[in-house]
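The values are calculated or read from the model by the stated rules, or taken from the named source; none is laboratory data. All values derive from a computational prediction rather than experimental measurement. Cβ placement follows ideal geometry from the backbone for every residue including glycine, while neighbour counts extend to all protein chains displayed.
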């Protein structure tokens, strides 16, 4: 299962990072995204039954004021995991992922850039 998951993640990454997309590569990316999501959910479910995972003491102090949980599951309810399904639409709207950045720009940089241009 782990090897299948790693292979699918590598396949997804290779497709997502292509510098030129066609309708067929976007269709492949959409299908691989679905398969990756399914494998990730299977991995979460299988490992939660077979392995007793707990928070690290530092995590426990940060989240619960020192109370330690008895069991933790892989959390797939995160924005980064949820956003995988938006890659195809984002590529269609903005182009390939190497042509833009999602890094936030600070307002100080915007003011400096405006000042330098004038």
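Annotations
- Of the helices (runs of 4 or more DSSP H) lying entirely inside the range 1-75, those carrying at least 1 residues that are without any contact (Cβ under 8 Å) to a residue 12 or more places away in the chain, touching a helix residue (DSSP H, G or I) at 6+ places or on another chain (Cβ under 7 Å) and surrounded by 10 or more Cβ atoms within 10 Å (Cβ to Cβ) are 23-50.
- Qualifying residues in the range 95-114 (those that are under 30 Å from residue 24 (Cα atoms) and either loosely packed, with under 10 Cβ neighbours inside 10 Å or over 18 Å from the mean Cα position of the chain (by Cα) (or both)) - the one modelled with the lowest pLDDT: 102
- Checking each residue in the range 78-97 for being in contact (Cβ under 8 Å) with a residue 24 or more places away in the chain and closer than 15 Å to residue 12 by Cα picks out 81, 84, 85, 87, 88, 91, 96, 97.
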